[in-house]
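The values are calculated or read from the model by the stated rules, or taken from the named source; none is laboratory data. Predicted model only: the values in this text are computed from it and were never measured. In this analysis, Cβ positions are derived from the backbone assuming ideal geometry, glycine residues included, and neighbour counts consider all displayed protein chains. Note: areas computed on protein heavy atoms with side chains; ligands, DNA, RNA excluded. Shrake-Rupley method; radii C 1.70, N 1.55, O 1.52, S 1.80 Å.
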Amino acid sequence: MRVKLGKIMTKGRALYLAYDQGLEHGPESDFNDKNVDPLYILNIAKKGRYNGVVFHKGIIEKYYEEIKKSKVPLVFKLNGKTKLVKGEPISAKIAKVEEALKFGASAVGFTIYLGSKFEAEMIEQFEKIQRKAHEHGLPVIVWMYPRGEKVKNDTSREMMSYAARAALEIGADIVKLKYNGKKKDMAWTVKSAGRTKVVIAGGVKKDEKTFLSQIKNVISAGAIGLAVGRNVWQHPKPLELTKKIKKTIWGVKCK
Ligand code: FBP
């Protein structure tokens, strides 16, 4: 079956709102009184007309009525971990593709820590997820994060392009990567990803100007967009920032 990317892209580009940080980082480091509420995030995604909102299973189950009503395409994140366990990272599976289908998801998301001692386990799980998702035409977005004792610099040109290439070869439709700030490296990374589309993570909150210029660079290097969290929902005016982000994503030509 053909993978349906049309639901989560606009004119070949995309902007996703990521909200899996509650599990990944914990509320204390990332949230305030407003953005601790999943409905605050959903409202940004809805009013800002995002191409998707990323939630874990528990939030999807508990806030399903509102998610459905919002009509924002749902990206169902199937695994995750906390920041509490040190050592070689592994992202635990917390949901199945069948559950994503049941909740009407438009895509599934899955993290792989490339280079971790547990890399093979995550790749094997991905294989099952990718096959099942594709049987139903559901796109698969992989958070491909090089990490673990063997990875010295997770955003070196070598690691960024390796993550992108690995995503292509294991069958991801979209790969989400961390950007090292070097446009040339991103251009090589996008080339390495072949027909797998590249989006970047936002990272810790930066000043607006730096953030927007980073977006301009990655888009002109060939990335299709962003899967951003903190830079948007930690911003005092997330919808105003969203407008600027969209203007950049859909306004910049790819050289
Ligand atoms: P941000 O834009 O807030 O950085 O979110 C991107 C993201 O990939 C989240 O989806 C995820 O929770 C987080 O970063 C994980 O980051 P890390 O593993 O580096 O703590």
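Just reorder H136, H235 by solvent-accessible area, largest first, 1.4 Å probe, all chains present.
H136, H235
Using C-alpha pairs under 8 Å with a sequence gap of at least 6, the mean separation divided by the residue count of region 107-213 gives a relative contact order of 24 percent.
Note on Y162: accessible area is roughly 130 Å² with a 1.4 Å probe, heavy atoms of protein only. Using the 1.4 Å probe convention, the accessible area of the chain works out to 49 Å² per residue with neighbouring protein chains retained. Each principal axis of the Cα cloud of region 1-151 was evaluated for its coordinate range; sorted largest first, these ranges are 43, 43, 27 Å.
Enumerate by residue number the trypsin sites (Lys or Arg not before Pro) in region 167-197 meeting two conditions: DSSP loop (anything except H, G, I, E, B), and at most 12 other Cβ atoms within 10 Å of the site's Cβ. Within region 167-197, the qualifying trypsin sites (Lys or Arg not before Pro) (loop, at most 12 other Cβ atoms within 10 Å) are R195.
One chain, two ends: K96 and K247. Fully extended at 0.36 nm per residue, the span grows by 50.8 nm beyond their Cα-Cα distance. Spatially, region 45-84 and region 153-213 are offset by 23 Å when compared through their Cα centroids.
Considering only alpha-carbon pairs that sit under 8 angstrom and 6 or more positions apart, the relative contact order computed for region 1-72 is 37 percent. Both radii come from the Cα set of region 119-189: Rg as radius of gyration, Rh as Kirkwood radius; their ratio Rg/Rh reads 1.01. Shown for region 151-203: the carbon plus sulfur share of the solvent-accessible area, taken with all protein chains present and a 1.4 angstrom probe, equals 49%.
Here the chain is treated as an ellipsoid with the same Cα gyration tensor; its semi-axes, largest first and in whole Å, are 23, 22, 19. Over the chain, calculate the relative contact order: mean separation of alpha carbon pairs under 8 Å at least 6 apart, over the residue count, as a percent. 18 percent. Pairs spanning more than 25 Å between alpha-carbon atoms, out of K191/K253; K93/K216; K96/K247; K176/K243: K93/K216; K96/K247. Evaluated at q = 0.24, 0.25 Å⁻¹, the base-10 log of the normalised Debye intensity for region 93-160, with identical point scatterers placed on the Cα atoms, takes the values -0.98, -1.03.
What is the antiparallel percent of DSSP beta bridges lying wholly in the chain, to the nearest 5? Mind showing how you got there, number by number?
Numbers: 3 of 32 bridges.
About 10 percent, rounded to the nearest 5.
For the chain, adding -39500 (n - 2.57) for each run of n ≥ 4 DSSP H residues and dividing by the number of residues yields -12500 deg cm²/dmol at 222 nm. Projecting label points 7 angstrom from Cα along Cα→Cβ for R195 and S29 puts them 3.8 nm apart.
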